[in-house]
1. So, in segment 26-71, exactly how many residues are of a type in the set (Ser, Thr, Tyr) and either part of a loop (DSSP other than H, G, I, E, B) or buried (at least 17 other Cβ atoms within 10 Å of the Cβ) (or both)?
2. Write out, first by first residue and then by second, each pair whose Cβ atoms fall under 8 Å of each other, whose residues are 6+ apart or on separate chains, and whose first residue, in segment 92-104, is under 13 Å from GLY286 (Cβ atoms) while the second is of a type in the set (Gly, Ala, Ser) and modelled with pLDDT of 85 or more.
3. Which numbered condition trips up ILE288, out of (1) under 19 Å from ALA117 (Cα atoms); (2) out of contact with any Ser or Thr (no Cβ under 6 Å at 6 or more places or on another chain); (3) touching a residue at least 24 places away in the same chain (Cβ under 8 Å)?
4. Any chance you could count how many residues in segment 121-175 are in contact (Cβ under 8 Å) with a residue 40 or more places away in the chain, in a strand (DSSP E or B) and of a type in the set (A, V, I, L, M)?
5. Checking the condition at pLDDT below 95, of a type in the set (Phe, Trp, Tyr), surrounded by 14 or more Cβ atoms within 10 Å (Cβ to Cβ) and within 30 Å of ALA289 (Cα to Cα), which residue from PHE163, PHE227 passes?
6. Tell me which of these LEU97 doesn't satisfy, since it passes every other one: (1) at pLDDT 85 or above; (2) surrounded by fewer than 14 Cβ atoms within 10 Å (Cβ to Cβ); (3) not small (Gly, Ala, Ser).
7. Go through segment 271-285 and give me each residue that's touching a residue at least 40 places away in the same chain (Cβ under 8 Å) and either loosely packed, with under 15 Cβ neighbours inside 10 Å or farther than 19 Å from ILE206 by Cβ (or both).
8. If you go through segment 178-214, how many residues are over 18 Å from GLY264 (Cβ atoms) and free of Cβ contacts under 8 Å to residues at least 40 places away in the same chain?
Amino acid sequence: MNSINYKHLHYFWVVAKEGSIARASEQLHLTPQTISGQLSLLEKSVGKKLFSRSGRNLVLTEAGRTALEYADDIFLLGAELQSVLSNRAVEGSPLRLSIGITDVIPKLIAHRLIEPALQLDEPVRIICHEDSLDNLLTDIAAHKLDVVISDRPIRPSMNVRAFNHHLGSCGISFFAAPVLAEKYQAKFPHSLDQAPMLLPVAGNAIRREIMQWFDSLDIRPIIVGEFDDSALIKTFGQAGVGVFAAPTVITRDIERQHNVIAIGSTDKIHEEFYAISPERKLKHPGVIAINDSAHQNIFTTELS
């Protein structure tokens with residue numbers, strides 16, 4: 001067998017992913033004839049047929065499936081190498097750390113988690129992107145991000161090559177402006193029955209847990225606002241519109257920043273936090289700092 005031409009292997013990989021030479025030609029900006037010729041050269045080089053035809057469709061042979069497994073590893077590792085090297089575009093420049101933050105993560109939690117990356121001995125420049133988990137996973141699959149900070153893990157059904165690193169979990173506390181807090185602090189949590197409540201929008205995981213907890217205690221709050229932005233919930237809570245919930249681990253930060261008071265807390269509801277990375281073993285110094293600090297400092301105690 002002759003040495004493999006990796007350009008030909010890349011064409012094979014794209015054809016296998018796209019499912020046809022026509023779609024691969026659009027992706028690669030090459031004519032179908034060129035790609036077909038390169039595939040023939042690759043098959044001649046390895047001495048095996050990699051595709052067979054089923055009507056108008058191309059189907060991988062057994063040798064083709066084996067080649068695809070190896071090609072996946074080769075080109076994903078290549079993308080990972082490019083991502084690692086691009087962290088230092090210029091020798092002596094700050095280490096680049098691209099972070100995706102799901103839009104349900106409280107900003108104070110995000111800051112607490114990311115801050116250790118800025119305390120490294122070498123200078124670091126962070127680039128933060130906020131979006132839905134699905135969109136951020138698309139970016140991490142394309143190696144545009146070094147890590148995604150999320151409130152839920154990536155699941156096999158999401159079909160993205162990435163790995164979960166559990167950062168920690170904590171209970172939640174309920175907060176309100178001073179006038180409301182004074183009214184609802186006594187006899188917590190039953191004092192929240194008929195209390196004005198600010199909640200995340202329906203479909204949010206923590207909202208489901210909160211409502212299940214209320215149901216278990218026969219508590220029926222009056223929902224006066226629903227939000228998909230955790231910062232906006234706190235703004236309305238600070239204005240005295242209603243009671244809101246947030247992770248207990250940032251209680252002091254919330255009280256200080258938003259001039260509100262913690263009414264009470266519960267460990268029956270847990271918020272989880274994950275770092276999702278393209279590699280199983282963390283390599284980026286900034287991501288390692290985030291992971292280590294979360295385990296050693298942030299989630300070691302409920303109150304901070």
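The values are calculated or read from the model by the stated rules, or taken from the named source; none is laboratory data. These numbers come from a predicted model, not from an experiment. Using ideal geometry, Cβ is built from the backbone for each residue, glycine included, and neighbour counts are taken over all protein chains shown.
1. Step one: filter segment 26-71 for residues of a type in the set (Ser, Thr, Tyr), giving 31, 34, 36, 40, 45, 52, 54, 61, 66, 70.
Subsequent filtering for residues that are either part of a loop (DSSP other than H, G, I, E, B) or buried (at least 17 other Cβ atoms within 10 Å of the Cβ) (or both) retains 31, 61.
Residues meeting the conditions: 2.
2. Partner pairs satisfying both residue conditions: LEU95/GLY286; LEU97/ALA117; LEU97/GLY286.
3. Every condition holds for ILE288 apart from (3).
4. Looking only at that region, the number is 7.
5. Numbers: PHE227 fails: within 30 Å of ALA289 (Cα to Cα).
None of the others qualify; the one that does is PHE163.
6. Looking at each condition in turn, LEU97 falls short on (2).
7. Kept after step one, since they are touching a residue at least 40 places away in the same chain (Cβ under 8 Å), are these residues of segment 271-285: 271-280, 282-285.
Residues satisfying the conditions are SER277, PRO278, GLU279, ARG280, LEU282, LYS283, HIS284, PRO285.
8. So the count comes out to 5.
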